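The values are calculated or read from the model by the stated rules, or taken from the named source; none is laboratory data. Just so we're clear, the structure is a prediction, and the values are computed from it rather than from any experiment. Because the Cβ atoms are built from the backbone with ideal geometry, glycine has one as well, and the counts that use them run over all protein chains shown. These accessible areas exclude ligands, DNA and RNA; they are computed on the full protein's heavy atoms, side chains included. Shrake-Rupley method; radii C 1.70, N 1.55, O 1.52, S 1.80 Å.
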Amino acid sequence: MSTRSASGREIVLESGDYRARIVTVGAGLAGLSLAGHDLVIPHSVEEIPAGHLGKMLLPWPNRIADSTYEWNGARYEVDRTERSTGAALHGLMSWVEWDIVHADQDSATLGAFLAPRKGYPWALETWVTYALNADSGLSVSVHTKNIGTQAAPYGVSSHPYVTLNGAPNDSYELSIPATSILEVDEKLTPVGKRPVAEMGRDFTRPRILGDLTIDHAFTDLPEGEWTVTIRDPESGMSVALSSDAKWVQVYTAEVLDREGIAVEPMTCPPNAFNSHEDLIVLEPGHSHTLTFSIRGSLS
């Protein structure tokens, strides 16, 4: 385990040909590889990662439009963290150092206390567990409990960028088993749900990404577990992210020179703190768990 750096401390996990690196700032996934081939875009513990690389996103994922929302008749304002849209982006825990609860050769748990504050006056405790398996890859669970006395609005996601060893994503064969997508305005605030074909982003059958830009929330996913897959048609290398979350944000990583694709399993859509669509009401003493997994194949 390293000394504290820009991204906190680093934990290295290994199982079979898999290797993962976890950093304590943002409880982030800083690297995942299979036999030396990167399955997510990596970053060093010594650097501040761009694009929320691998960070945990809670108590809301994506954006709160205009950084304001109403809950039980009260109006709240949180810090604006995206100047271009005026939105509050990706919650409150991405740049907080989490505590190491447990770490061994192939698993680690990090925990944090989300203290009440003016814009989010609810007390939560949250734990993230990363576990590597030589056969099935990386599994991740995010478990959050309301330890306060009032019901809290809540949503959660994670921000890994899957990659085919850093190759440009134009050549990727992409599969997204969702039939609907959110259309957004100039501030990236949802304005309505449409069929994926109408938006030119139908990946229910695998197809080459090419130069298409995606930064959208997809939904109407299969019941139970679904899988988003990227694949290199020439080598056969592939990376698959699976979850049973109701939403998945897919972003073609322009901020990272399109060397991968962000695949973010989300419990709710963007701006859910205002729309209340699929927003979790976390009652006092109650808990919620998000799970997802990432696995690779080299042929």
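Here are the numbers for the structure shown:
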{"quantity": "Only Lys, Arg (+1) and Asp, Glu (-1) charged, at Cβ; region 10-297 dipole about Cα centre in debye", "calculated": "580 debye"}
{"quantity": "Cα shape, region 175-299, gyration tensor, a/c 1.5 rule", "calculated": "oblate"}
{"quantity": "The chain, relative contact order [Cα under 8 Å, separation at least 6], %", "calculated": "19 percent"}
{"quantity": "Separation of alpha-carbon centers, region 51-118 and region 211-264, rounded to whole Å", "calculated": "22 Å"}
{"quantity": "Region 116-197: GluC sites (Glu not before Pro) in DSSP loop, at most 14 other beta carbons within 10 Å", "calculated": "186"}
{"quantity": "Three-way shape label, region 10-297, alpha-carbon gyration tensor, a/c 1.5", "calculated": "oblate"}
{"quantity": "Restricting region 202-246 to GluC sites (Glu not before Pro) in coil, as DSSP defines it, with at most 11 other Cβ within 10 Å", "calculated": "223, 234"}
{"quantity": "Set of lysines near residue 246 by C-alpha distance (under 25 Å), chain-local residues within fewer than 8 positions excluded", "calculated": "55, 145, 187, 193"}
{"quantity": "HN-Hα J in Hz across region 91-106 - Karplus 6.51, -1.76, 1.60, θ = phi - 60°, x for Gly and Pro", "calculated": "x, 10, 10, 5, 10, 9, 7, 8, 7, 8, 8, 7, 7, 9, 5, 10"}
{"quantity": "Carbon/sulfur fraction of accessible area - region 128-211, other protein chains in place, 1.4 Å, %", "calculated": "47 percent"}
{"quantity": "Given the chain, longest segment not containing exposed loop trypsin sites (Lys or Arg not before Pro) (DSSP; at most 13 other Cβ within 10 Å)", "calculated": "119-299"}
{"quantity": "Check: region 90-135 dipole with +1 on Lys, Arg Cβ and -1 on Asp, Glu Cβ, in debye", "calculated": "440 debye"}
{"quantity": "Of 141, 157, 33, the one that fluctuates the most in a GNM where the chain has Cα springs shorter than 10 Å", "calculated": "141"}
{"quantity": "Region 192-246: relative contact order as a whole-number percent, Cα under 8 Å and 6+ apart", "calculated": "26 percent"}
{"quantity": "For residue 298, solvent-accessible area (1.4 Å; no DNA, RNA or ligand), Å²", "calculated": "70 Å²"}
